[in-house]
1. So what's the net charge close to residue 104: Lys and Arg +1, Asp and Glu -1, counting the other residues with Cβ under 11 Å from its Cβ?
2. Cut-off under 24 Å on the C-alpha distance; same-chain residues fewer than 8 positions from residue 154 excluded. Which lysines are left, in chain and number order?
3. Could you check the simple spin-label distance between residue 40 and residue 318, using points 7 Å along Cα→Cβ, in nm with one decimal?
4. Amide H of residue 6: which non-local residues (sequence gap of 5 or more, or other chain) have their own amide H closer than 5 Å, using H built in the peptide plane?
5. First select every other residue whose beta carbon is under 15 angstrom from the beta carbon of residue 280; then total the charges, Lys and Arg +1, Asp and Glu -1.
6. Could you tell me the distance between the Cα centroids of region 266-293 and region 127-185, to the nearest Å?
7. Leaving out ligands, DNA and RNA but keeping every protein chain, what accessible area does residue 316 have, in Å² rounded to the nearest 10, with a 1.4 Å probe?
8. Using the heavy atoms of the protein chains and a 1.4 angstrom probe, tell me the accessible area per residue for the chain in square angstrom.
Amino acid sequence: MASYTQSVLITGGTSGLGYHCALEIARQHPEYRVIIACRSDPYQVTKEMNTLLHQTNVTWIPLDLSSLETVRNFAAQWESHKYPPIQSLVCNAALQFPGAAEYTVDGYEKTFAISHLGHALLFSLLRPYLADKARVVIVSSGVHYAEQKTGMPKPNYISAEELAHPPASISKAIGRLHYCNTKLANVLYMYALHKRFLSINEKNGKHWTVTAFDPGLMPGTGLARHGSTVEQFLWNRVLPHAFPVLKALISPNIHTAKDSGASLARLAVGEDVDGDSGRYFEGRREVESSKASFDKGNQEDLWEWTLKTMAKNEDEKRNMSLSDLL
């Protein structure tokens, strides 16, 4: 059995952006155990990756980020697998629902629960297994900018509670607003975590970093799987063949999943970004995130609400707040 030096954990990695990120990391680092965590691997994608690379370092573990109990069970089983320390946690999984708000088994709006709450809980529970030079990479999106024309609803962060339990005026609105708000929350959380990493690194000799990533528009990926038949046809059949036109007329930030996957892999393991933290990347470029993402009050509102929501008791609250390291 192969001996691996470190682990890289990627959520939602059996297709699209996550697939190409995982494949690139596994190719570059056969000494790493690359773990893909998502609900299913229906086509044995991880087995195909290993066959393609002539390696055995890619593994799939089931994880449903929409269920907090499932996230807890995943973390509880981590130690029993005896995986090496986590070098990178790539929070990639996300879904987009075009209609009225949908809710998880725990009662939270599903877009926010999967892309933020499930990932935040996963990080908190796996924190004891982070390597001394661990990286957290959070996949956000350019739709978190209210000041840019993205063709999507403009995000408006009121509170984490409102994102988790949107009022009727919002819950019945266009579903993509939940997606845009959640992607803003991703960047707010990145800055809140970076602030705490700075203190932890100074006091404990760690070298933990966190960055946020915008993969750009990637026609053909599974993000539109819950859209209408027409939307799915355009996304999967038409737009992937119109990249030059899209780049010229809409934005240069339009990429194939393979290109964006390589850029995401760079943030997870690339030497040239080693030590970068509290930064927002658009593909390969570091850019300034939205004005709203720098709101320190909203950063702390999201952090505190997430902590209060996740922690089951005072002992768990102390651990999840990172107070034992601060």
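1. Values: positive: 110; negative: 64, 69, 102, 106, 109.
That sum, taken over residues with Cβ under 11 Å, equals -4.
2. The reachable lysines, counting only those whose Cα sits under 24 Å from residue 154, are 110, 172, 183, 247, 291, 296.
3. Once both label points are built, they end up 4.3 nm from each other.
4. Those qualifying (amide H under 5 Å, at least 5 residues apart or on another chain) are 33.
5. On the way: positive: 135, 183, 195, 266, 279, 284, 285, 291; negative: 147, 214, 276, 282, 286, 288, 295.
Neighbour charge sum, excluding residue 280 itself: +1.
6. One Cα centre to the other: 18 Å.
7. That residue has around 40 Å² of solvent-accessible surface.
8. Working: 14780 Å² over 326 residues.
Counting only protein heavy atoms, the per-residue value for the chain is 45 Å².
The values are calculated or read from the model by the stated rules, or taken from the named source; none is laboratory data. All values reported here derive from a predicted model rather than from experimental measurement. With ideal geometry, Cβ positions are generated from the backbone for all residues, glycine too; neighbour counts draw on all protein chains shown. All accessible areas refer to the heavy atoms of the entire protein, side chains included, with ligands and DNA or RNA removed. Shrake-Rupley method; radii C 1.70, N 1.55, O 1.52, S 1.80 Å.
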